[in-house]
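Visitor: Below: one structure in structure tokens.
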Amino acid sequence: MPVLPGAEPYRHEGGEVGVLLCHGFTGSPQSMRPWAEFLAAQGLTVSLPLLPGHGTRWQDMSLTTWHDWYAEVDRALHELTERCARVFVMGLSMGGALTLRLAARHGDAVSGIVLVNPGNKVHGLAAKALPVIRHLVPSVPGITKDIAKPDVDEVGYTRVPLHAAHSLRRFFQVVDTELPQVTSPVLLLHSREDHVVPPADSARVLGRISSTDVEEIVLEQSYHVATLDHDAERIFEESWAFVTRLAPDLVGEKGIASGG
């Protein structure tokens, strides 16, 4: 199937500092593209993959599981670690959960992580029915486009495939058990008003990780897809400040990442 316009993966070859960006469940790289381009403009090497089953049609996603989504970002991380001296991982929503698992499993290979409205649990009574209902109902209305800023669109699915939602629920459970293994520096930004992922998910993440270098920022003007919302520029600037603080030896005097 052809990729939806705007949902294409993005790659930029820059300096010795690499950044892997992970998009969310039923979303696409489009939700992260402005962030990726901002970091690329600072001279960083940037990788923004398209997760399997995403960016085409929701029926394709029904054929994938969390193992496929995680394998893609794990592969992208390996590519960056071979290319760059330092690598940071940043994620939105489910991409935040992917980011946390990469940090838990790869330890010092991840210099720091940035989380935006990270998902930790599939909420509601319907979540417990997923193992059964997914065999009866193929999909439900989508969760994309939760954006406060008017006239801003998100490229993603208008339906949520329930086989994939069931896999997401299992993935969140796996990541939750691995949170104590996360020791990387963390910058977590979450929206005060989010209609997809409640603030409780961010609170649980912060309460279970083992990182000692942790900063939490509350976004007052954005909904779930904050990377396309009113607080987008703040997210970009805060993430760049986070990288420059943790990798000052690889950032040039003019604020551009050094090529070596």
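Visitor: Select, from Lys128, Lys145, the only residue that is within 22 Å of the chain's Cα centre (by Cα) and either open to solvent by 40 Å² or more (accessible area, probe 1.4 Å) or among the aromatic types (Phe, Trp, Tyr) (or both).
Guide: Lys145
Visitor: State all residues of the range 106-124 that are open to solvent by less than 10 Å² (accessible area, probe 1.4 Å) and either among the small types (Gly, Ala, Ser) or assigned to a strand (DSSP E or B) (or both); if no residue qualifies, say none. So that I can check it myself, show each step before the final result.
Guide: Narrowing the range 106-124 to residues open to solvent by less than 10 Å² (accessible area, probe 1.4 Å): 110, 112-119.
The answer is Gly112, Ile113, Val114, Leu115, Val116, Gly119.
Residues checked against (1) in contact with a helix residue (DSSP H, G or I) (Cβ under 7 Å, 6 or more places away or on another chain); (2) at pLDDT below 95:
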position: Val197; (1), (2): no, no
position: Asp201; (1), (2): no, no
position: Ile209; (1), (2): yes, no
position: Glu215; (1), (2): no, no
position: Glu220; (1), (2): no, no
position: Leu228; (1), (2): yes, no
position: Glu238; (1), (2): no, no
position: Leu246; (1), (2): no, no
position: Ser258; (1), (2): yes, yes
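Visitor: Same structure, new question: Looking at the range 71-105, which of the residues that are touching a Ser or Thr at 6+ places or on another chain (Cβ under 8 Å), open to solvent by 10 Å² or more (accessible area, probe 1.4 Å) and assigned to a helix (DSSP H, G or I) is nearest to Trp240 (Cα to Cα)?
Guide: Arg83
Visitor: Restricting attention to the range 205-234, which residues are within 17 Å of the chain's Cα centre (by Cα) and assigned to a helix (DSSP H, G or I)?
Guide: Val205, Leu206, Ala226, Thr227, Leu228, Ala232, Glu233, Arg234
Visitor: Something else now. With respect to the numbered conditions (1) open to solvent by 10 Å² or more (accessible area, probe 1.4 Å); (2) in contact with a Gly (Cβ under 8 Å, 6 or more places away or on another chain), which one is the sole condition not fulfilled by Gly53?
Guide: Result: Gly53 passes all but (2).
Visitor: Still on this structure, I have one more. So which of Arg170, Arg208 is in contact (Cβ under 8 Å) with a residue 24 or more places away in the chain, open to solvent by 10 Å² or more (accessible area, probe 1.4 Å), in contact with a Pro (Cβ under 9 Å, 6 or more places away or on another chain) and not small (Gly, Ala, Ser)?
Guide: Arg208
Visitor: Could you please let me know if Leu21 is crowded, with 24+ Cβ neighbours inside 10 Å, outside any helix (DSSP H, G or I) and under 11 Å from the mean Cα position of the chain (by Cα)? Before the answer, list the steps.
Guide: Details: crowded, with 24+ Cβ neighbours inside 10 Å: yes; outside any helix (DSSP H, G or I): yes; under 11 Å from the mean Cα position of the chain (by Cα): yes.
Here the answer is yes, as Leu21 does meet what is asked.
The values are calculated or read from the model by the stated rules, or taken from the named source; none is laboratory data. Owing to the predicted nature of the structure, the values given are computational and were not obtained by experimental measurement. All Cβ positions, even for glycine, are placed from backbone atoms using ideal geometry, and neighbour counts span all protein chains on display. What goes into the accessible areas is simple: the full protein's heavy atoms, side chains included, and nothing from ligands, DNA or RNA. Shrake-Rupley method; radii C 1.70, N 1.55, O 1.52, S 1.80 Å.
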